[in-house]
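Here's the structure, in structure tokens; my notes come after.
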Amino acid sequence: MAAAPGRVNLIGEHVHYNSGFVLPMAIERFTAIAADAAADSRGPTSRVQLASADVDEEAEFAVGPEMSPGAPHWSNYVRGVLAGCIARGFNIPSLDMMVASTVPIGGGLSSSAAIEVATAALIEAITGRTLEPVAEKALLCQRAEHQFAGVPCGIMDQFIAVGGRRDRVMLLDCRAMTFELIPLASHDVTVLIINSQVKHSLATGEYAQRQADCHEAARTLGIRDLHDATMKNLGAAESRMSSNAFRRARHVVGEIARTVAAADAISRADWPAFGSLMYESHASLRDDFQVSCPELDLLVDSAAGLGAEQGVFGSRMTGGGFGGCTVSLVRTEAADSIASSIAQSYSRQTGIEPTFFVTRPAGGARILPIERL
Ligand code: GLA
């Protein structure tokens, strides 16, 4: 059995496709996948029987060079990773597999990377072949998501699911594909994730539009991507681009600087400094990038309303936007009362019950021993 964590991005939103820096951490919510040799493994081709402990859906498919996407949709994360391993010459036997997950599905906490990365770790253990520790495994999983699930995701989710470490956050350079693990060792603070329970249908089209706006800005600046832009050269080029492209780029340039500053604040255990960067990030996503929504703003505003005196250092939307979750840095001892207070005021004002949990930075993918029954 192998398990891999979900993740939350602490800061660095909508910058990875501009080759910027992101700062995710693995959360204490995992997807586990177990396998045993198939009861009936005769026949020339390997077959996989895949079940889920969470949903009443199964898949059965042949494993070989001709693999293609199929139903149910979630089986594609597994199929895609197996296909990637086959393409690298791994010899995969017939298997009975089962998946179970505590990563909330569809909550923007990367349940898909968790299942991909857990599958890759399990196949390494089964075949005795290894993928180079972080980048190769993460990129194989990313390709599975592109080709089998049809989602053109970046590299962040798979990198952190593979390379996360307990009590560390990851400063990931999306251009160089290199990272640094920064200690968030003090147990005085913890991360609170609140799910607004809304998902506005705008998400997909708007996401693509934001990417296009960013690319327009980079083109106008004559650079490959906004990683290389500065506020100064952006300001000088303002009149040559659409006002949307300018505002999107202003978010990205500011957010990249904030992310690097945030990693530094964490390494100094300067929680107020880190917290202000989270609030600034939220304001920029709301006003310049325009991917927030009233529900997320409400969650962030009530966190800010409690303030540092009551144990909240900072809060922001996390993920693609238009719904999903907020992430806040809070004092561990006050975390429960903070969460209930924000949840109460949110449900009073929206009529929606949010869900929440607290987490410290967790470890990345690992193999787990199982006892045979
Ligand atoms: C979604 C995607 C992430 C990232 C964020 C925006 O959460 O899954 O890969 O693009 O949006 O930063």
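The values are calculated or read from the model by the stated rules, or taken from the named source; none is laboratory data. All values reported here derive from a predicted model rather than from experimental measurement. Cβ coordinates were reconstructed from backbone atoms using ideal geometry, including for glycine residues, and neighbour counts include every protein chain displayed. Side chains included, ligands, DNA and RNA excluded: accessible areas come from the protein's heavy atoms. Shrake-Rupley method; radii C 1.70, N 1.55, O 1.52, S 1.80 Å.
Okay, here's what the table says:
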{"item": "Members of segment 1-50 found to be in a loop (DSSP other than H, G, I, E, B) and within 16 Å of the ligand (Cβ to nearest atom), listed by number", "result": "L10, I11, G12, E13, H14, V15, S19, G20, L23"}
{"item": "Segment 25-55: number of residues that are in contact with a Gly (Cβ under 6 Å, 6 or more places away or on another chain) and surrounded by 13 or more Cβ atoms within 10 Å (Cβ to Cβ)", "result": "3"}
{"item": "Boolean, A263 is in a loop (DSSP other than H, G, I, E, B), closer than 19 Å to R168 by Cα and of a type in the set (G, A, S)", "result": "no"}
{"item": "Identity of the residue in segment 191-230, polar (S, T, N, Q) and on the phi < 0 side of the Ramachandran plot, that ends up least open to solvent (accessible area, probe 1.4 Å)", "result": "S196"}
{"item": "Residue among V162, V99 that is within 16 Å of the ligand (Cβ to nearest atom), of a type in the set (A, V, I, L, M) and at pLDDT 95 or above", "result": "V162"}
{"item": "Identity of the residue in segment 91-109, open to solvent by less than 10 Å² (accessible area, probe 1.4 Å) and assigned to a loop (DSSP other than H, G, I, E, B), that ends up nearest to E28 (Cα to Cα)", "result": "V103"}
{"item": "Unique match (being away from the ligand (no atom under 16 Å from the Cβ), surrounded by 20 or more Cβ atoms within 10 Å (Cβ to Cβ) and of a type in the set (G, A, S)) among G319, G305, G323, G314", "result": "G314"}
{"item": "Per-region count, segment 110-159, residues touching a Leu at 6+ places or on another chain (Cβ under 8 Å), farther than 16 Å from V22 by Cβ and not in a loop (DSSP other than H, G, I, E, B)", "result": "7"}
{"item": "Residue check, V358 modelled with pLDDT of 95 or more and open to solvent by less than 10 Å² (accessible area, probe 1.4 Å)", "result": "no"}
{"item": "In segment 143-159, residue nearest to N76 (Cα to Cα) [restricted to those that are within 15 Å of the ligand (Cβ to nearest atom) and crowded, with 24+ Cβ neighbours inside 10 Å]", "result": "A144"}
{"item": "Any hit, segment 249-257, residues being β-branched (V, I, T) and outside any helix (DSSP H, G or I)", "result": "no"}
{"item": "Single residue of G323, G311, G307 found to be in contact with a Cys (Cβ under 7 Å, 6 or more places away or on another chain) and in the same structural domain as A335 (by TED's automatic domain parsing)", "result": "G323"}
{"item": "Per-region count, segment 109-167, residues among the charged types (D, E, K, R) and either in contact with a Pro (Cβ under 6 Å, 6 or more places away or on another chain) or under 27 Å from V191 (Cβ atoms) (or both)", "result": "7"}
{"item": "Residue pairs meeting the criteria (Cβ under 9 Å; at least 6 apart or on separate chains; first within 20 Å of I367 (Cβ to Cβ) and assigned by TED's automatic domain parsing to the domain that holds T119, in segment 147-174; second of a type in the set (F, W, Y) and more than 10 Å from the ligand (Cβ to nearest atom))", "result": "F159/F179; I160/F179; G163/F179"}
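Residues checked against (1) away from the ligand (no atom under 15 Å from the Cβ); (2) of a type in the set (A, V, I, L, M); (3) modelled with pLDDT of 95 or more:
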| position | (1), (2), (3) |
| --- | --- |
| A120 | yes, yes, yes |
| R129 | yes, no, yes |
| P133 | yes, no, no |
| D167 | yes, no, yes |
| C174 | no, no, yes |
| T178 | yes, no, yes |
